[in-house]
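See structure below.
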Amino acid sequence: MISNPELKGKPLGVQQKSLMVTCNYEARKLGVKKCMNIRDAKEKCPQLVLVNGEDLTRYREMSYKVTELLEEFSPVVERLGFDENFVDLTEMVEKRLQQLQNDELLALTVSGHVYNNQCVSMCFLLSPLLESW
């Protein structure tokens, strides 16, 4: 879609041989899934636009650009694939917590996903900071 803006908003799939290796959200809304057989994908979504994905050079280049961008925010970035990265934001969060005032800390709420369903107590995280006040 970046190289061909006319495809924006249309159901789009990337084809390698007889498989669709990935697709955009518009295609997914219409029942198309990644790793689907091309014939099955076209049955589900006749208006599906397919682009050749045999040459991964552009995808690889863009993937590295995204990783480089994430590394501007954290030194700990792990590539998990072309379109996935793990970013450890611990240092950034700890610095931000140290900048907060005591009353801001008491009103702090946290939400998000914790890797491996580990429970993290907010009191545990804040206790070293509160002790310094």
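Would you confirm whether or not region 80-103 contains a residue that is modelled with pLDDT under 85, open to solvent by 80 Å² or more (accessible area, probe 1.4 Å) and closer than 30 Å to V14 by Cα? The answer is yes; a qualifying residue exists.
Considering the conditions (1) assigned to a strand (DSSP E or B); (2) exposed (fewer than 15 other Cβ atoms within 10 Å of the Cβ), L50 is excluded by exactly one of them, (2).
Being in contact (Cβ under 8 Å) with a residue 40 or more places away in the chain, open to solvent by less than 50 Å² (accessible area, probe 1.4 Å) and touching a Pro at 6+ places or on another chain (Cβ under 8 Å): is that true of V32 here? Here the answer is no, as V32 does not meet what is asked. Taken over region 28-79, the criterion of being at positive phi and touching a helix residue (DSSP H, G or I) at 6+ places or on another chain (Cβ under 6 Å) is satisfied by G31 alone. Residues in region 1-23 that are more than 21 Å from D83 (Cα to Cα) and in a loop (DSSP other than H, G, I, E, B): S18 alone. Against the conditions (1) in a loop (DSSP other than H, G, I, E, B); (2) open to solvent by 40 Å² or more (accessible area, probe 1.4 Å); (3) not basic (K, R), E26 satisfies every one except (1).
Every listed requirement among (1) more than 30 Å from R96 (Cα to Cα); (2) assigned to a loop (DSSP other than H, G, I, E, B) is met by E43 save one, (2).
Return yes or no: is K42 open to solvent by 70 Å² or more (accessible area, probe 1.4 Å) and farther than 22 Å from C23 by Cβ? For K42, the condition - open to solvent by 70 Å² or more (accessible area, probe 1.4 Å) and farther than 22 Å from C23 by Cβ - is not met.
The values are calculated or read from the model by the stated rules, or taken from the named source; none is laboratory data. All of these numbers come straight from a predicted model, not from anything done at the bench. Using ideal geometry, Cβ is built from the backbone for each residue, glycine included, and neighbour counts are taken over all protein chains shown. Each accessible area value is taken on the protein alone, full model and side chains, heavy atoms only, with ligands, DNA and RNA left out. Shrake-Rupley method; radii C 1.70, N 1.55, O 1.52, S 1.80 Å.
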